[in-house]
Amino acid sequence: MRAYAVDVPGPIATHPLVELERPLPEPGPGEVRVQVEACGVCRTDLHLAEGDLEPRRSRVVPGHEVVGVVDALGAGAGRFSLGQRVGVAWLGATCGRCHFCVAGRENLCVAPSFTGWDRDGGYSEFTLVDERFAYPIPAGLSPVAAAPLLCAGIIGYRALLRAELPPGGRLGIYGFGASAHLCAQLAIAQGARVHVLTRGAAARALALELGAASAGAADAMAPEPLDAAILFAPVGTLVPVALSALGRGGTLCIAGIHLSDVPPLNYAEHLFYEKSVRSVTANTRQDGLVFLELAARLGLRATTHAYRLAEATDALRDLSEGRFAGAAVLVADESLLAAGKGAPAPS
């Protein structure tokens, strides 16, 4: 089978991904093998390829927004049937024994395993998943439409929870990529007034199209005091900008796995009046199940741009350069290319 793995991490221009031919993996006990139909391209994949996130092992296959059909069952696996469409997300396994797992906070497990970092992910024609950590895909969603929901969507949902936005509140979203544009839809559907602050003109246009109350430059001041803000852009210099925009008692939630250095904060300007700063670490399986149900019920839709599996480097490069609004999705089956709203970007 074809797979694309991180060889020597470095700037995407140095082509850190290499094409490999690997044997078809055999599922172990409790695992299922998934024939990949589509795999979302997450900024975490870019951090892994470029070395901001250190690879856990040599030549790991990225990709943790995987949609495909169950192709083989390991011993004892019975949650899904052959041919059933499932999703594979970032959280690949937990210990189940530490006090975080026991308390229902498995996203903070002390010995977790992550898809596309510890375990080979979806930049491949086939992948394996512990069936306990796979998700049934809601009916009516194409593989391309469903893929970004499995990380971008779930993390955006958890970030919104962590931000503690009051009902009908004013939310600032900094950065407007795959996760942010799904989070914005969810917040708007739940009655929030959303202000988007991001660098790209195309992203600002998409934000307004999706119902944002305003869309401005990333470092601009929000047009009104915010009850909550979520930072999706991995840019530490935006932390004081977002904190300055918060009203009294507001919360800033930082949603990424990587963030550049945060400059010094002024207590009176940035933190006084009980402002809070929080981060997001992965998600629980319950987060995923609840969000996928919400996405189906509320009609959340990712704006997608489909690439062939062989164009994984192009997709990461375009993500790095902000060449599309929404989410990039790799497709192993080229008949699915038309399911992406945007055509593949030129190489």
Mind checking which residues of segment 318-341 are closer than 19 Å to residue 233 by Cα, in contact with a Lys or Arg (Cβ under 8 Å, 6 or more places away or on another chain) and not in a loop (DSSP other than H, G, I, E, B)? 319
Selection over segment 114-125 where residues are surrounded by fewer than 22 Cβ atoms within 10 Å (Cβ to Cβ) and either basic (Lys, Arg) or in a strand (DSSP E or B) (or both) yields a count of 2
Could you check, for segment 46-57, whether at least one of its residues is in contact with a Phe, Trp or Tyr (Cβ under 6 Å, 6 or more places away or on another chain), more than 16 Å from residue 116 (Cβ to Cβ) and either outside the structural domain of residue 176 (by TED's automatic domain parsing) or of a type in the set (A, V, I, L, M, F, W, C) (or both)? no
The condition of being more than 26 Å from residue 233 (Cα to Cα), within 18 Å of the chain's Cα centre (by Cα) and among the β-branched types (Val, Ile, Thr) holds, among 86, 144, only for 86
Residue count, segment 98-113, condition buried (at least 21 other Cβ atoms within 10 Å of the Cβ) and not in a loop (DSSP other than H, G, I, E, B), comes to 1
Residue under question is residue 3, and the condition is that it be modelled with pLDDT of 95 or more, in contact with a Lys or Arg (Cβ under 6 Å, 6 or more places away or on another chain) and either of a type in the set (A, V, I, L, M, F, W, C) or part of a strand (DSSP E or B) (or both); does it hold? yes
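The values are calculated or read from the model by the stated rules, or taken from the named source; none is laboratory data. All values derive from a computational prediction rather than experimental measurement. Here Cβ is always computed from backbone atoms with ideal geometry, including for glycine, and neighbour counts include all displayed protein chains.
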